[in-house]
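Here the structure comes first, spelled out in structure tokens, and everything after it is commentary.
The values are calculated or read from the model by the stated rules, or taken from the named source; none is laboratory data. Just so we're clear, the structure is a prediction, and the values are computed from it rather than from any experiment. A quick note on method: Cβ atoms are made from the backbone with ideal geometry, for glycine too, and the neighbour counts reach across all protein chains shown. The area values use the complete protein model at the heavy-atom level, side chains included, leaving out ligands, DNA and RNA. Shrake-Rupley method; radii C 1.70, N 1.55, O 1.52, S 1.80 Å.
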Amino acid sequence: MATGTSQEDVEEKRPQFGSRFLTEDKHVFQHNAWDNVKWDADQEMQAAEKVSLNSAEMMSTDKISELEENAADYWDKFYGIHQNRFFKDRHWLFTEFPELDTCADADKVTDKPSDEDINKEYPGSHANRKILEVGCGVGNTVFPILEANKDPRLFVYCCDFSSTAIDILKEHDDYDASRCHAFVCDISNTTNQMPFPDNSLDIITMIFVLSAISQDRMQETLNRLSRLLKPGGVLLFRDYGRYDLAQLRFKTGRCLGDNFYARGDGTRVYFFTQDEMREMLTKAGLTEESNLVDRRLQVNRQRQLKMYRVWIQCKYRKCSSSS
């Protein structure tokens, strides 16, 4: 369920949150993007007014229920149409989350595997480092991780709502079942069995995924993921922020709830605040290491257009048993 749009991709490797700052408005069209763009009160108010307008008319209860019941079908149709051509490989993740270099964060996971982890055979059970990508889509995060990390002790799990996405991922030339295990899973259905035990994962990534889940399932989804982490393990999160361009572009009649919308293809998206993520992740038993807003101004120099993007980026850790 790798969500988002092609606009979400970052054009090149850069320092975290970038280092190209707009100091004078007259220079705005000199580059394709500007980092850490500050909003003033007027811009914030205008964005809030646009959201108020596009939220004024809600979708019918029947349509909201249909979108929930058939969510997997809509994602299957999405990947059936786009295959592996829609998203770019996310090599930028190593800049935003250096923990994905498996050597960079090894000292933070101090607890030994649980007895269940040691005694139970399952895919990747003998690996020293285990990563789960939630909502892996067709592998735009998974394959860069495997390419960058040749450590034979690393094992990557990846799951997605869409069986079509998982089929495409497994057909990729770089898919290696000795290093990676892809499986279909609705992560919001907390009764689903995982192919590994609780307290077994070093890193979980959620990149533009939680926003596609119904609001009333978000907290329990995060609670479930927290239980899967080892003590000392970390959850890496990036998703849409409140008043992102994508939210402001929605037309009236696409709203499902507060800051929750349906795209034209039937997939859904929510727009978060820092406080919302802080509350949910803390309730899930995780400790905040970072919770940031990434504001970027993208420009179309040919058409003289300004596009303000807003993303929330978080890193939360599960306390070690000795803490």
- Query: Amide H neighbours of T287 under 5 Å, counting only residues 5+ apart in sequence or on other chains, H built in-plane at 1.01 Å?
  - Reply: R317, K318, C319
- Quick one: accessible surface of L245, probe radius 1.4 Å, all protein chains present, in square angstrom to the nearest 10. 20 Å²
- Figure the gain on full extension for A56 and Q43 (residue separation times 0.36 nm, minus the Cα-Cα span) and round it to one decimal in nm. 2.7 nm
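In this model, which of K150/K170; K120/K170; K38/K170 are farther than 31 Å apart at the alpha-carbon?
Numbers: K150/K170 19 Å; K120/K170 25 Å; K38/K170 42 Å.
Those over the limit are K38/K170.
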- Item | trypsin sites (Lys or Arg not before Pro) lying in DSSP loop within the range 174-273, provided at most 11 other Cβ fall within 10 Å | K251
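Pop out the carbon and sulfur fraction of the accessible area of the range 192-323 as a percent, whole number, probe 1.4 Å. Walk me through the intermediate numbers first.
Numbers: 2040 of 4740 Å².
Answer for the range 192-323: carbon and sulfur cover 43 percent of the accessible area.
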- Item | Simple spin-label estimate for R153 and E289 in nanometres, 7 Å along Cα-Cβ | 1.8 nm
- Output for the range 219-296: chymotrypsin sites (Phe, Trp or Tyr not before Pro) sitting in coil per DSSP, at most 13 other Cβ within 10 Å, listed by number, reads none
- Once both labels are modelled 7 Å past Cα along the beta-carbon direction, what's the S320-D265 spacing in nm? 4.3 nm
- Between D101 and H172, 0.36 nm times their residue separation minus their Cα-Cα distance comes to what? 23.3 nm
- In order through the range 72-77: 3J(HN,Hα) via Karplus (6.51 cos²θ - 1.76 cosθ + 1.60), integer Hz, x for Gly, Pro: 5, 5, 5, 6, 4, 5
- Message: With the crude spin-label approximation of a point 7 Å out along Cα→Cβ, what separation in nm comes out for E121 versus E69?
- Response: 4.3 nm
- Which residues qualify? For G241, with a placed amide H closer than 5 Å and at least 5 residues away or on another chain, they are F272, V310, W311, I312
- Item | Percentage relative contact order, the range 223-323, counting C-alpha pairs under 8 Å, at least six apart | 40 percent
- Calc'd 3J(HN,Hα), the range 267-281, phi into Karplus 6.51 cos²θ - 1.76 cosθ + 1.60 (θ = phi - 60°), Hz, glycine/Pro = x, comes to 6, 10, 8, 10, 10, 9, 10, 4, 5, 4, 5, 4, 5, 5, 5
- Work out the count of Lys pairs in the range 189-323 where the Cα-Cα distance is under 25 Å, with the pair 8 or more places apart or on different chains. 6
- Query: Whose amide H sits under 5 Å from the amide H of T141, counting only residues 5 or more places off or on another chain, with H placed in the peptide plane?
  - Reply: R90
- At 25 °C and 0.890 mPa s, grab the translational diffusion coefficient of the range 224-323 from Stokes-Einstein with a Kirkwood Rh over Cα pairs, rounded to a whole number in µm² per second. 159 µm²/s
- Message: Rolling a 1.4 Å sphere over the protein heavy atoms, what is the accessible area per residue of the range 200-303, to the nearest Å²?
- Response: 33 Å²
